[in-house]
1. State the number of residues belonging to the range 115-160 that are within 13 Å of the chain's Cα centre (by Cα) and more than 23 Å from L15 (Cβ to Cβ).
2. Just one of G137, G133 is in contact with a Ser or Thr (Cβ under 7 Å, 6 or more places away or on another chain) and modelled with pLDDT of 95 or more; which is it?
3. State whether one or more residues within the range 33-55 are free of Cβ contacts under 8 Å to residues at least 40 places away in the same chain, within 12 Å of L140 (Cα to Cα), surrounded by 12 or more Cβ atoms within 10 Å (Cβ to Cβ) and among the hydroxyl-bearing types (S, T, Y).
4. Cβ contacts < 9 Å: first residue without any contact (Cβ under 8 Å) to a residue 24 or more places away in the chain and farther than 18 Å from V21 by Cβ, restricted to the range 101-118; second residue among the β-branched types (V, I, T) and surrounded by 12 or more Cβ atoms within 10 Å (Cβ to Cβ), any location; separation 6+ or different chain. Result?
5. Select from the range 151-182 the residues that are at pLDDT 85 or above and either surrounded by fewer than 11 Cβ atoms within 10 Å (Cβ to Cβ) or small (G, A, S) (or both) and list them in ascending order.
Amino acid sequence: MKSVAFIWGVAGVLLLLLFAVYRLAPMALDLAERELTVWHWLALGFSTIYMAYAEGYRGFHKAFAPRVVVRAVYLKSHPKPLHVILAPLYCMGYIHATRRRQLFSIGLTLLIICFILIARTLSQPWRGILDAGVVVGLSLGILSICYFLIIAKLNPGALNISAEIPSESGTLKTKPNGITES
């Protein structure tokens, strides 16, 4: 059950991200069929560079990806049936997380939903330009999770980030190797 929790948690998150890339990529690829102006090309360059940095590096690589892996490692060593069943949600910080982590995860999800609804109102090529940047950011996020999986496999103690697991006596910041900080 321990390995199942780890695999299902990480695989579920990766599948969710891959599905988003699969859904957005056709709109981005449709740009190849269109006549783009200089402004479109500039916007495309800005979108891809900005999203690679903001979403891919700052959002995924520096925060989300290592936390997903750390929470999966923690879940592997502390499996509970409900957490194993909901392992992707567990790894993303929606359940059995500090109140701060849960609120942040839910708030970020609502913000993303708002951006999706706004993006759907855009016509081509603007929607494709925006989607191209998102695809780049999500792809970097997928690669980041894979990178941190390798790090966790080679040296589990190297991921020095809190799993943000709550405790009965208050909030403990638990590292994946079981070390806690007050």
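1. 0
2. Details: G137 fails: in contact with a Ser or Thr (Cβ under 7 Å, 6 or more places away or on another chain).
Testing whether each residue is in contact with a Ser or Thr (Cβ under 7 Å, 6 or more places away or on another chain) and modelled with pLDDT of 95 or more leaves just G133.
3. Yes: the range 33-55 contains one or more residues that are free of Cβ contacts under 8 Å to residues at least 40 places away in the same chain, within 12 Å of L140 (Cα to Cα), surrounded by 12 or more Cβ atoms within 10 Å (Cβ to Cβ) and among the hydroxyl-bearing types (S, T, Y).
4. Q102/I95
5. Filtering the range 151-182 for residues at pLDDT 85 or above gives 151-155, 159-166.
A152, K153, L154, N155, S162, A163, listed by residue number.
The values are calculated or read from the model by the stated rules, or taken from the named source; none is laboratory data. Just so it is clear, the model here is predicted, and its values are computed rather than measured. So basically every Cβ, Gly included, is an ideal-geometry build from the backbone, and we count neighbours across all protein chains shown.
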